[in-house]
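These notes concern the structure reproduced below.
The values are calculated or read from the model by the stated rules, or taken from the named source; none is laboratory data. Because the structure is predicted, anything quoted here is derived from the model rather than measured. No Cβ is skipped: glycine too gets one built from the backbone with ideal geometry, and neighbour counts run over all protein chains shown. Ligands, DNA and RNA are stripped out before the accessible areas are found, and what is left, the full protein with its side chains, is counted by its heavy atoms. Shrake-Rupley method; radii C 1.70, N 1.55, O 1.52, S 1.80 Å.
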Amino acid sequence: MMEQYQRLKDKAGDALLFFRMGDFYELFQDDAVVASQALNIALTARNKQQDDSISMCGVPIHSAESYIDRLLQQGFKVAIAEQLEDPRQAEGLVKRDIVRVITPGTVVSGPTLTPKEHNFLASIAVTPGGAALAYVDVSTGTFAVTVWDSPDWPQALHREYTRVQPREVLIPEPLEIPLDMLQATSPAFPTTLQPWAAHYFHQDRAYRTLLQQFAVHTLDGFGCEGHPLAIAAAGALVAYVHETQHHTMPHLTSLRLYSTGDFMVLDETTRRHLELTYSQMSQGRAGSLLAVIDYTLTAMGGRLLLQWLSQPLCQLRPLQERQEAVAELVEQSTRRARLRQTLDTLVDFERMLSRLALGTITPRELIALCRAIVRLPAIATELRGCRSRLLTTLTAQWDPLDDLAILIANAIVDDPPATLRDGHVIRTGYHAELDALREHGASGTAWLNYFEAQERQRTGITSLRIGFNKVFGYYIEVRKTHVSQVPADYLRKQTLVHAERFITPALKDREVHMLRAVEEALSLERQLYEALHQQLAQHVHRLQHMAQILSQLDVLAALAEVAVTRQYSRPTLDDSDILAITDGRHPVLEAMAQEERFVPNDTFLDRERRQILLLTGPNMAGKSTYMRQVALIVILAQIGSFIPARTAHIGLIDRVFTRVGAHDMLGKGQSTFMVEMTETANILHNVSARSLVLLDEIGRGTSTYDGISIAWAVVEYLHDHGDLHPRTLFATHYHELTVLAASLTRLHNYSAAVQEHGDKVLFLRRILPGSADRSYGIQVARLAGLPAHVLQRAHQLLTHFESSSSMASVASRKRRATPQTTLSTHAGNQLSLFESLTIQLLQALRSLDLDALSPGEAAATLAEFQQRAQRLP
């Protein structure tokens, strides 16, 4: 047996070998030591006192899935070696072989799989001029690939890789891309890197692998012809799945080739800053945008919503079709309620069909699938009354699957046991020979009851009973108080503390006949169940098709439910450059707000007149919330959802950039300021005319002068560089920047409104036209709980600085495009807040052509200057 084990272990390679022995999976030698530590289970040994002792540990078969899951989470692979024959019928050693290798990316069932998330296995193919990323979820059959042939492919590959977040990724040997590009994208999604031989990525081999998988003569139907990198990545992926699963994977029936250009670009930084699917605070979904809008009722619908949210569309027509469908379901509340009530009863078609295709589906899962199919006509009835284009398309593609439900219902009992080996899975009347074997077994049970009664009467032992166990078979049990009454023809078989067990020739003869009938019935049931498996597996593509329809319907109905529940409205979408939002609200904070009503705000941006909104105001006043709110509203609109606003007009955006919040990457040797500058550089290098840019407190991680200079230059660049004019929200505490509104025609000052009460401040959460003249730092510090002594001293220092006579000199010169301004102070002191604001006004007056202002604007400007000038030292 150990020789057999060693052969299979050599075959398993670096995977831990689960070696089937009866009702246990055993691990030996080094595997046993590793597994016992990883699983915290007992490590034992055979021949302990000898030099050739064998370390071993094991787990029961019925609970093996949970142990395997724990190993996968720690990055291990597990090879399953099953018994290929009945040990009772084996001649010599039981035949065993590896039936599959379970890796983090090839799991098809168990607690590793989160219902509303994909479990992707990915592969990457690269050349100096391009790259391709393919990924597959073996548990659902989802299979896709994308390719880039532009010089910026490393950045595009990294963006898509971090979006997909595969659990395992295949990389060709030798490695042709930097490893740091493929590190875990977040603590919630650890990634296992799996080297894979380069020959699997060769185009000819990969092409043949895909042709064989899809049983076709060309890949034209999948759009892959002429894309050698896409073929290489996808073909290598299929080869790995075949190698590990020892199966042809019949549920991998299609490959979707897509272009990332069809979707809004959201890089890893933007996803993290906006917390679209993962919240840093909760370290999970809670607190993310996904958690707020996920009203889906099926696991497959939840996975599709996650895909939509991670890939907002940039194409107007499909977005309008989604909007139209959501609007119809919003208006028809009764229809929506009935649809959702039925959807709530459905099983996960996608993951169930994968287990059907792989032959691992249980009888109870088949019955659950049958009951789900039976409920489909109720959904079809509701859909037939819909008029929107997308819903009528889904209706036209509907497949009732009623023939599959009939197949299952005719074969499987209504309440089957958990596993096939328990028997009585096949329905009576389905197969005559099986019925006969069962009747024979039933007659044996009746004979046992008769025999027990007869023996009680013959011996006079009222406590006599017939029992059964797997060791001794059927036996007669007599309490020790009645042992003296036992007849001479009873043969003692076992002695217990309080009883004796016996057999008789007649009982053993009947046992042989009964057990043979039971074994034959179980064997026949397995054959019938396997035949049903194969028959149903021929229709996997139909089940996949209906899973896609049902998941779309679930998402559309969920978005409609969100719109009604949270009072969202339908935005107007077009290809203009307008971004106009009335009474917009932050979807996550609004959902979390309990003590106060969320204060809505308006937004208007375009590329011609109002390109940049410069936001000033104190911390905690709502600037960052407002900026994130605008981005989240845009993203919701571009997945086809209604939005948290009274009205909105959104010209489609191709990319959202964010530089919000402060964090460092010390592990990569990057300080907070370095991260800030890196992210800002990425924005300036890649921004387009249709981008939305959110910049929050650029330059705060360095000295005041450096920070002001960088922030000033970034604003000028966004305003003046080329003809891009991206729509921008720029928040800052550098009030000196507000003077730019005088020289940059498309920049407008806005501020977060506050209300002062003595030395206290009330944040009104309103974003209004105009600039702030104070940052209220000491008031915010009081709210944060700084000691009173510190606050008092800070107030004294602020008064001293503001009354200081070390007024900065100002030198500026006019220029039409971008004014260059130099600020200096006496003795190297930084500008006080009051002096800075006054200098801004002086700069504005010097650069303004007062004749170009309206009389009202000129009067207001001069009045503000006079008021401030009177207060100067």
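Observations, loosely collected:
- Residue match in the stretch 695-703 (condition: acidic (Asp, Glu), open to solvent by 50 Å² or more (accessible area, probe 1.4 Å) and within 39 Å of the chain's Cα centre (by Cα)): no
- Of the residues 711, 741, 731, the single one that is open to solvent by less than 30 Å² (accessible area, probe 1.4 Å), under 22 Å from residue 602 (Cβ atoms) and of a type outside the set (Asp, Glu) is 731.
- Subset of the stretch 443-455 (residues that are among the hydrophobic types (A, V, I, L, M, F, W, C), loosely packed, with under 13 Cβ neighbours inside 10 Å and closer than 15 Å to residue 511 by Cβ): 446
- Selection count where residues are farther than 15 Å from residue 312 by Cβ and part of a loop (DSSP other than H, G, I, E, B), scope the stretch 244-274: 10
- Qualifying position, being β-branched (Val, Ile, Thr) and within 30 Å of residue 319 (Cα to Cα), among 419, 445, 392, 428: 392
- Only one of the listed residues (479, 458, 465) is under 30 Å from residue 519 (Cα atoms) and open to solvent by 30 Å² or more (accessible area, probe 1.4 Å). That residue is 465.
- Whichever residue in the stretch 667-694 is at pLDDT below 85 and of a type in the set (A, V, I, L, M, F, W, C) and, among such residues, is least open to solvent (accessible area, probe 1.4 Å): 675
- When residues of the stretch 776-796 are limited to those that are part of a loop (DSSP other than H, G, I, E, B) and open to solvent by 30 Å² or more (accessible area, probe 1.4 Å), the one farthest from residue 733 (Cα to Cα): 787
- Inclusion of residue 254 among residues that are surrounded by fewer than 19 Cβ atoms within 10 Å (Cβ to Cβ) and either among the acidic types (Asp, Glu) or over 30 Å from residue 79 (Cα atoms) (or both) is not warranted.
- Against the criterion of being touching a residue at least 60 places away in the same chain (Cβ under 8 Å) and open to solvent by 50 Å² or more (accessible area, probe 1.4 Å), residue 260 does not qualify.
- Selection count where residues are more than 19 Å from residue 411 (Cβ to Cβ) and buried (at least 18 other Cβ atoms within 10 Å of the Cβ), scope the stretch 502-544: 7
- Remark: pairs (first residue in the stretch 744-759, open to solvent by 70 Å² or more (accessible area, probe 1.4 Å); second residue aromatic (Phe, Trp, Tyr) and modelled with pLDDT under 90; Cβ separation under 7 Å; 6+ apart in sequence or on different chains) are absent.
- Restricting attention to the stretch 421-440, the residues that are open to solvent by 40 Å² or more (accessible area, probe 1.4 Å), out of contact with any Leu (no Cβ under 8 Å at 6 or more places or on another chain) and under 24 Å from residue 23 (Cβ atoms) total 2.
- For the stretch 305-317, the criterion of a residue being among the aromatic types (Phe, Trp, Tyr) and open to solvent by less than 10 Å² (accessible area, probe 1.4 Å) is satisfied by no position.
- Restricted to the stretch 35-86, the set of strands (runs of 3 or more DSSP E) holding at least 1 residues that are open to solvent by 70 Å² or more (accessible area, probe 1.4 Å) and of a type outside the set (Asp, Glu) comprises 44-46.
- Those helices (runs of 4 or more DSSP H) of the stretch 278-392 in which at least 3 residues are out of contact with any Phe, Trp or Tyr (no Cβ under 9 Å at 6 or more places or on another chain) and among the hydroxyl-bearing types (Ser, Thr, Tyr), considering only elements entirely within it, cover 333-343.
Yes/no per residue for (1) open to solvent by 60 Å² or more (accessible area, probe 1.4 Å); (2) modelled with pLDDT of 95 or more:
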position	(1), (2)
146	no, yes
168	no, no
181	no, no
187	yes, no
205	yes, yes
215	yes, no
220	yes, no
231	no, yes
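- Close pairs (8 angstrom Cβ cut-off, 6 or more residues apart or separate chains): at positive phi in the stretch 578-589, open to solvent by 40 Å² or more (accessible area, probe 1.4 Å) and part of a strand (DSSP E or B) anywhere: 583/602; 583/647
- Residues satisfying the stated conditions in the stretch 418-451, i.e. in contact (Cβ under 8 Å) with a residue 24 or more places away in the chain and farther than 17 Å from residue 519 by Cα: 418, 430, 447, 448, 451
- Some residue of the stretch 108-121 being modelled with pLDDT of 95 or more and hydroxyl-bearing (Ser, Thr, Tyr): no
- When restricted to residues that are assigned to a strand (DSSP E or B) and either surrounded by 19 or more Cβ atoms within 10 Å (Cβ to Cβ) or hydroxyl-bearing (Ser, Thr, Tyr) (or both), the stretch 572-608 contains 10.
- Some residue of the stretch 354-362 being over 30 Å from residue 426 (Cβ atoms) and open to solvent by 20 Å² or more (accessible area, probe 1.4 Å): no
- Qualifying residues in the stretch 284-293 (those that are in contact with a Ser or Thr (Cβ under 9 Å, 6 or more places away or on another chain) and over 26 Å from residue 156 (Cα atoms)) - the one surrounded by the most Cβ atoms within 10 Å (Cβ to Cβ): 293
- Selection status of residue 564, under 25 Å from residue 282 (Cα atoms) and among the β-branched types (Val, Ile, Thr): no
- Given (1) open to solvent by 20 Å² or more (accessible area, probe 1.4 Å); (2) within 38 Å of the chain's Cα centre (by Cα); (3) closer than 17 Å to residue 604 by Cβ, index of the condition residue 717 fails: (3)
- Some residue of the stretch 198-216 being under 23 Å from residue 352 (Cα atoms), touching a residue at least 12 places away in the same chain (Cβ under 8 Å) and assigned to a loop (DSSP other than H, G, I, E, B): no
- Check on residue 395, open to solvent by 80 Å² or more (accessible area, probe 1.4 Å) and touching a helix residue (DSSP H, G or I) at 6+ places or on another chain (Cβ under 9 Å): no
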